[in-house]
Amino acid sequence: MNDARFDITALSVSLLGLLALWWAAAWLGSDPTVLPSPAEVWRIFLREVADGEMQVHFTATLMRVAAAFSLAMGFGCLIGLAMGFNDRVNRWFSAWLVVLLNVPALVVIVLCYLWIGLNEVAAITAVALNKTAMVAVAIREGVHALDPKLRDMAQVFRMSPTTRLRHVVLPQLWPYIATSTRNGLAIIWKIVLVVEFLGRSNGIGFQIHLYFQLFETGYVLAYALSFVAFMLILEFTLLRAMEIRATRWRQSTA
């Protein structure tokens with residue numbers, strides 16, 4: 001309880017410090033076209049919410065992030081498990097992961113738009129491809145780090161594959177899954193912005209592109225920070241709870 005209260009206090013003080021720094025920089029610059037104050041950005045945000053524009057574009061981005069994240073985590077976990085438990089699969093497909101990890105996200109996005117078209121399928125596919133390899137690598141390394149003593153114990157007690165996966169493998173993989181989830185959300189939503197910037201007609205990335213062309217810094221910040229705020233809430237609620245769950249088994253055996 002005390003730790004949770006400390007976290008909330010530290011988070012509040014940290015965010016207030018960041019806000020004060022932004023306010024001071026805006027005041028020293030004295031040019032709202034370059035760096036508007038937090039109050040001005042807040043007024044723009046409320047205006048966009050009142051007009052309904054913020055909700056429309058925020059929801060479009062959120063749906064793309066959710067779809068791409070689900071695909072990347074699903075396929076990434078399956079690939080990582082297969083490569084981690086099967087040395088032959090790992091030897092054959094390790095090079096594929098290295099290639100996918102090193103192909104720039106921009107190239108993948110452009111190729112998907114060229115091959116599939118300027119549509120939602122191409123957008124979500126491009127984002128999912130960029131993250132799947134990262135998830136697969138993390139899960140593969142997690143499988144390689146599994147405790148062999150627990151594996152031997154499962155064999156001695158003749159656990160079924162399903163029981164072994166649920167009670168032996170997944171508890172040890174939770175930290176890797178939690179890390180992939182946190183990093184995945186952070187990276188995917190940034191790539192979604194690029195996808196929307198290049199070839200979508202709605203979403204936060206589309207709005208940023210629009211107001212970039214109009215040199216409206218305040219609107220760019222209002223739309224960008226709206227999703228940053230959402231990710232911050234997600235981080236200190238759902239993702240923090242996942243992290244606690246991921247390490248609980250270690251604390252109970254310590």
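The values are calculated or read from the model by the stated rules, or taken from the named source; none is laboratory data. Just so you know, these numbers come straight off a predicted model, no measurement behind them. Note that we place each Cβ from the backbone using ideal geometry, even for glycine, and neighbour counts take in every protein chain shown.
Just for segment 65-79: of the residues that are surrounded by fewer than 18 Cβ atoms within 10 Å (Cβ to Cβ) and of a type outside the set (A, V, I, L, M), which one is nearest to residue 190 (Cα to Cα)? Among residues in segment 65-79 that are surrounded by fewer than 18 Cβ atoms within 10 Å (Cβ to Cβ) and of a type outside the set (A, V, I, L, M), the one nearest to residue 190 (Cα to Cα) is 70. Looking only at residues of segment 114-129 that are without any contact (Cβ under 8 Å) to a residue 60 or more places away in the chain and of a type in the set (A, V, I, L, M, F, W, C), we find that the one that is nearest to residue 97 (Cα to Cα) is 129. Quick check: is even one residue across segment 148-162 touching a residue at least 60 places away in the same chain (Cβ under 8 Å), in the same structural domain as residue 230 (by TED's automatic domain parsing) and either over 21 Å from residue 239 (Cα atoms) or in contact with a Gly (Cβ under 6 Å, 6 or more places away or on another chain) (or both)? Looking through segment 148-162, none of the residues is touching a residue at least 60 places away in the same chain (Cβ under 8 Å), in the same structural domain as residue 230 (by TED's automatic domain parsing) and either over 21 Å from residue 239 (Cα atoms) or in contact with a Gly (Cβ under 6 Å, 6 or more places away or on another chain) (or both). In segment 11-23, the residues that are outside the structural domain of residue 235 (by TED's automatic domain parsing) never reach a residue that is modelled with pLDDT of 85 or more and of a type in the set (Lys, Arg) with C-beta atoms less than 8 angstrom apart, at least six apart or across chains.
Is it fair to say residue 181 is touching a Pro at 6+ places or on another chain (Cβ under 8 Å) and in the same structural domain as residue 66 (by TED's automatic domain parsing)? Walk me through it before giving the result.
Numbers: touching a Pro at 6+ places or on another chain (Cβ under 8 Å): no; in the same structural domain as residue 66 (by TED's automatic domain parsing): yes.
Spelling it out, it is not the case that residue 181 is touching a Pro at 6+ places or on another chain (Cβ under 8 Å) and in the same structural domain as residue 66 (by TED's automatic domain parsing).
Look at residue 98 and say whether it is farther than 22 Å from residue 172 by Cα and of a type in the set (Val, Ile, Thr). Steps first, please.
On the way: farther than 22 Å from residue 172 by Cα: yes; of a type in the set (Val, Ile, Thr): yes.
Spelling it out, residue 98 is indeed farther than 22 Å from residue 172 by Cα and of a type in the set (Val, Ile, Thr).
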